[in-house]
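> My structure is below; once you've seen it, I'll send some questions.
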Amino acid sequence: MIYLDNAATTIHKPPCVVRAVTEALTSLGNASRGAHEGALATNRLVYRTRRKLASFFGCPESEKVIFTCNSTEALNIAICGTLHEGDHVITTVLEHNSVLRPLYRMQNERGVSLGFVPADKQGCIDYADFERMIRPQTRAIVCTHASNLTGNMLDIRRIGRIAKEHKLLFIVDASQTAGAVPIDMVQMGISLLCFTGHKSMMGPQGTGGLCINGDIEIEPLKTGGSGVQSFLTEQPREYPTRLEAGTLNGHGIAGLSAAVDFISQTGIDVIRAHEQELARTFYRLITGIPDIHIYGDHTSDERSPIVALNIADLDSAIVADELAYSYGIATRAGAHCAPLMHKALGTQEQGAVRFSFGFYNTIGECEAAAEALRQIADRRVL
Amino acid sequence: MVRYYILFDNYEQGLALHDLLDGAGVSNRITPAPAAARGKLCCGMSLLVEADMIDRAREVIQDNNAVYHSIVPMDNQLQAKRDRYC
Amino acid sequence: MRKKEKRLITAFYTTHDAMAFEEFCHEHGVPGRLIPLPREISAGCGLAWSAPPEDEEGLKVLLQSAGIIPQELRMLEV
């Protein structure tokens, strides 16, 4: 199989990640649930991984690296844990449902009002819209670092400056960029960073986190066992315990720790350069295909390694199915959990076929995928 | 050439029928539900059944009270003949 | 049953602080180890640092150097 669906999840993990999870499965106790060596070993692993992630993302305090099961959980904690009755939030049409649905929920349950920065047919926004939309009740800006459909990246540093100037919380969905693009929360002015472990971080599914920059009060999404202060009827208020009820995914965190090591040792710039070259090569090879329509702004280097397209009016699901069934090429078609982006691009009915490249893909695979598309386009029933 | 897409409300329904059809020897394939067929339906999974198997598939569904949303015929948008990598 | 001895016990607000202090002490060759929090003490974290009883002032300096505010320091027979 030629796997070009890395934006959904990476299936090729570094061998050290696989080893770390396997070793953890045979040795780890429950973190914060005992003082015997099994529990202490897990405590140490969890602590060191928090430190690594804090350094990796430029989060000033390691106790404010909160482990979650994915970006969706982190975004739910960030959004539902900080917004109050009557707040106003600015977001964009690039967002994934993991941002949109918690915001809609806040709209329904707490009367939060939402403003959406629009995008043009290239999927590009006008940064001035953020400032135009700010009102006295505006509490936060919530946005993605990169669209999971077009690959267009937002200038987070620029939005961070706007947020800082107006004293707004800045919540960033780094699902498509964590592990692929350098992120520094302090330099970029990010208040809350939400990331997942299983995409470009190349860690296990079931891992992710929320990094908190500064003194931000966040109400917990879930309450329960904490291993400490057992006689309190409420969740302890100290971070990270406040936002980590229940047993942590120690086995997954072991893998995530190894993944951070791998990216740091390989060099995130090396990974980024390779992935960008793959996407650029593929783009260059397919632009000549008759009736192909490629979405997103490919004139910019500030992109995640994604190419989304359609061939004439061919149903995107049929193209993706043909790629998989006849050519063994895995992509993703449909709505990509990004309904507003599809509306902005005009692809609600047709969907789009998304190719997303990862560290373990090769130029040869790009060439094969481009040729497969050429043949499919050629076989279109006219 | 017409092909048939069996659509579902959710993955569980789809996988259940996939197992049933496989068990009954009815050739079927899990495939993304075409946007044109799906409409407002949430589930992105469908089962693709060729024209020569659809009657048998309907029998299996009836005999087992299998749950599904609808069966949608669609013309194949691609010509069958393929010249793979040549 | 192990014979009880006098130890200087540091209790922490959080497990994160307990793990941070353990790592700091290992890096600096400071004697001691993590133990279950003795029932005489009530604290945020169920792990406590057990150190030799001789140098309480030295331990306070170490905690300050590690950037950790302990919940309590107490001499106990454990």
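The values are calculated or read from the model by the stated rules, or taken from the named source; none is laboratory data. Because the structure is predicted, anything quoted here is derived from the model rather than measured. Cβ: placed from backbone, ideal geometry, glycine included. Neighbour counts: every protein chain shown.
> Mind telling me which of the residues A:Arg101, A:Arg135 ends up being surrounded by fewer than 18 Cβ atoms within 10 Å (Cβ to Cβ) and more than 22 Å from A:Met341 (Cβ to Cβ)?
That would be A:Arg135, the only listed residue that is surrounded by fewer than 18 Cβ atoms within 10 Å (Cβ to Cβ) and more than 22 Å from A:Met341 (Cβ to Cβ).
> If you don't mind, there's one more thing I want to ask. Hey, among A:Thr233, A:Thr196, A:Thr223, A:Thr241, which residue is among the β-branched types (Val, Ile, Thr) and under 16 Å from the mean Cα position of the chain (by Cα)?
Just one listed residue meets the conditions, A:Thr196.
> Let me ask something additional. For the stretch A:228-235, state whether one or more residues are within 13 Å of chain C (Cβ to nearest Cβ), in contact (Cβ under 8 Å) with a residue 60 or more places away in the chain and either of a type outside the set (A, V, I, L, M, F, W, C) or under 29 Å from C:Ala43 (Cβ atoms) (or both).
Among the residues of the stretch A:228-235, at least one is within 13 Å of chain C (Cβ to nearest Cβ), in contact (Cβ under 8 Å) with a residue 60 or more places away in the chain and either of a type outside the set (A, V, I, L, M, F, W, C) or under 29 Å from C:Ala43 (Cβ atoms) (or both), which makes the answer yes.
> Quick one: in the stretch A:244-279, of everything that is among the hydrophobic types (A, V, I, L, M, F, W, C) and farther than 30 Å from A:Asp301 by Cα, which residue is nearest to the chain's Cα centre (by Cα)?
A:Ile253
> Hey, which of the strands (runs of 3 or more DSSP E) in the stretch A:276-382, taking only ones fully inside, have at least 3 residues that are of a type outside the set (A, V, I, L, M, F, W, C) and within 14 Å of chain B (Cβ to nearest Cβ)?
Per the criteria, no element qualifies.
> Is at least one residue of the stretch A:42-55 on the phi > 0 side of the Ramachandran plot, touching a helix residue (DSSP H, G or I) at 6+ places or on another chain (Cβ under 8 Å) and in contact (Cβ under 8 Å) with a residue 24 or more places away in the chain?
Scanning the stretch A:42-55, I find no residue that is on the phi > 0 side of the Ramachandran plot, touching a helix residue (DSSP H, G or I) at 6+ places or on another chain (Cβ under 8 Å) and in contact (Cβ under 8 Å) with a residue 24 or more places away in the chain, so the answer is no.
> Output the residues belonging to the stretch A:2-36 that are without any contact (Cβ under 8 Å) to a residue 12 or more places away in the chain, part of a loop (DSSP other than H, G, I, E, B) and either away from every other protein chain (no Cβ under 11 Å) or touching a Phe, Trp or Tyr at 6+ places or on another chain (Cβ under 6 Å) (or both).
A:Ile11, A:Thr26
> Just give me the residues in the stretch C:43-77 being of a type in the set (A, V, I, L, M, F, W, C) and farther than 15 Å from C:Glu5 by Cα, in sequence order.
C:Ala43, C:Cys45, C:Leu47, C:Ala48, C:Leu59, C:Val61, C:Leu62, C:Leu63, C:Ala66, C:Ile68, C:Ile69, C:Leu73
> Within the stretch A:89-131, can you find the residues that are among the basic types (Lys, Arg) and out of contact with any strand residue (DSSP E or B) (no Cβ under 9 Å at 6 or more places or on another chain)?
Residues satisfying the conditions are A:Arg101, A:Arg105, A:Arg110.
> Can you tell me which residue is surrounded by the most Cβ atoms within 10 Å (Cβ to Cβ) among those in the stretch A:229-261 that are in contact with a Gly (Cβ under 7 Å, 6 or more places away or on another chain) and under 23 Å from A:Ser27 (Cβ atoms)?
This residue is A:Gly255.
> Please state which of the following conditions A:Gln205 fails to meet, knowing it meets all the rest: (1) in contact with a strand residue (DSSP E or B) (Cβ under 9 Å, 6 or more places away or on another chain); (2) of a type outside the set (Phe, Trp, Tyr); (3) surrounded by 19 or more Cβ atoms within 10 Å (Cβ to Cβ); (4) assigned by TED's automatic domain parsing to the domain that holds A:Thr177.
The single condition A:Gln205 does not satisfy is (3).
> Scan the helices (runs of 4 or more DSSP H) fully inside chain B and keep the ones with 1 or more residues being surrounded by fewer than 17 Cβ atoms within 10 Å (Cβ to Cβ).
It comes to B:11-23, B:54-64.
> With within 30 Å of A:Thr207 (Cβ to Cβ), touching a Pro at 6+ places or on another chain (Cβ under 8 Å) and not assigned by TED's automatic domain parsing to the domain that holds A:Ala74 as the only criterion, which of A:Ala259, A:Ala333 stands out?
Every option except A:Ala333 fails the conditions.
> Could you pull out the residue among A:Gly197, A:Gly214 that is touching a Pro at 6+ places or on another chain (Cβ under 8 Å), modelled with pLDDT of 95 or more and surrounded by 24 or more Cβ atoms within 10 Å (Cβ to Cβ)?
After applying the criteria, what remains is A:Gly197.
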